[in-house]
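Here's the structure, in structure tokens; my notes come after.
The values are calculated or read from the model by the stated rules, or taken from the named source; none is laboratory data. Since we're looking at a predicted model, the values are computed, not measured. Methodologically, a virtual Cβ is constructed for each residue, glycine included, from the backbone with ideal geometry; neighbour enumeration extends over all protein chains shown. With ligands, DNA and RNA removed, areas are computed over all heavy atoms of the protein, side chains included. Shrake-Rupley method; radii C 1.70, N 1.55, O 1.52, S 1.80 Å.
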Amino acid sequence: MLIKSYANAYSALIFFIIFVNMRTAYYIEELLYRYNCVIVPGFGAFLTQVKSAEIQKSTNTFYPPTKVISFNEQLSSNDGLLIAYMADAEKVSYDEMLEKIETTVLEWKNILKEKPFLAIGNIGKLSLNSEGSIQFNPANKVNFLTSSYGLSSYTSNPITREILKEEVETLEETIPFIITPEKRETSSFRPFLKYAAIGLLLIATGLSSFQFYNENINTDEIVQHQAQEQISRNLQEATFFSNAPLELPSLTLDLIKKKVVVENAEIKNHHIIAGAFRVRKNADKKVAELKRKGYDASYIGANKYGLHQVTFGSYSNVDEALTYLKKIKSTVSKEAWLFSE
């Protein structure tokens, strides 16, 4: 019975450690969206640096702006950011969460000594080099730059252009062009026959052209005469028309007027985004927090990536939304952005 109790306790401890490891990685990811430095006390710091958009010419691939993640083992002093954030999310005291993080850090260090690497969620993998220092390999699965939200890399097909001039020159080089000289006739009688044939051809062509010209003249005169007769006939018929207006049958239309009442005509489809959360519970907490501070906050649902979005406020007029966004970015959060449905 004692051995079984120890086994159950050990299994519960392993489950607790794995659960805490996963939750810690999740909270580090959430903080990397907002901050450029997240320190795990006693372990090291995950740092981010904004990288501009680029085009890789060798693969014709476009990469949007992103945050490049690195790891610094020297920055291990507790700045309180991660502990306070996790304690507030888990609804525990600061000291209790600090003890859990210390246990997690100890487990991480043991994994680095015993296993080839340590995977931290979607952030990357950590491993020890030959000198015992921690090496970091970013996963590059998630873009933590909120201004590039929804953008992804794009690969374009290469553009091929045909140079016709080079193709023609190649053909000229491969296909020879030979001119065969003509033999001069020695007979003195053949040139006279040639000139006689040309004269007969000119006479026959002239007669045909004159006949064709006369036929065209006769045809034009006949067409003009027929057209004049048709015009005269139409004028004569027009004189017998009555000047009285035509009496058309009256048409009565019964119009049914319907009154359409539009409720809630003002649609607020321009939202100032305060945050996007993987867990709906955290989004609801953010809404309650902003409302306590006086903001007209609301939850507008999950986007196509499954993140639950919270707004500082929503507007029907885009100009008002942009003005309010500028105010929020300058006074509250530089990470706020405008989402229009």
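Observations, loosely collected:
- Qualifying residue in segment 47-65 (condition: open to solvent by 80 Å² or more (accessible area, probe 1.4 Å), over 27 Å from Ser333 (Cβ atoms), aliphatic (A, V, I, L, M) and at pLDDT below 90): yes
- Unmet criterion (only one of (1) modelled with pLDDT of 90 or more; (2) in a strand (DSSP E or B); (3) of a type outside the set (Ser, Thr, Tyr); (4) open to solvent by 60 Å² or more (accessible area, probe 1.4 Å)) for Val38: (4)
- Considering residues of segment 46-86 that are acidic (Asp, Glu) and in contact (Cβ under 8 Å) with a residue 12 or more places away in the chain only, the residue farthest from Ile120 (Cα to Cα): Asp79
- Some residue of segment 319-337 being part of a strand (DSSP E or B) and small (Gly, Ala, Ser): no
- Where strands (runs of 3 or more DSSP E) fall entirely within segment 88-154, those with at least 2 residues that are among the polar types (S, T, N, Q) and over 24 Å from Gly306 (Cβ atoms) are at 134-138.
- Checklist (1) of a type outside the set (D, E, K, R); (2) open to solvent by 40 Å² or more (accessible area, probe 1.4 Å); (3) in contact (Cβ under 8 Å) with a residue 24 or more places away in the chain applied to Asn110, failing item: (3)
- Looking across Ser156, Ser130, one residue alone is open to solvent by 70 Å² or more (accessible area, probe 1.4 Å) and at pLDDT below 90. It is Ser130.
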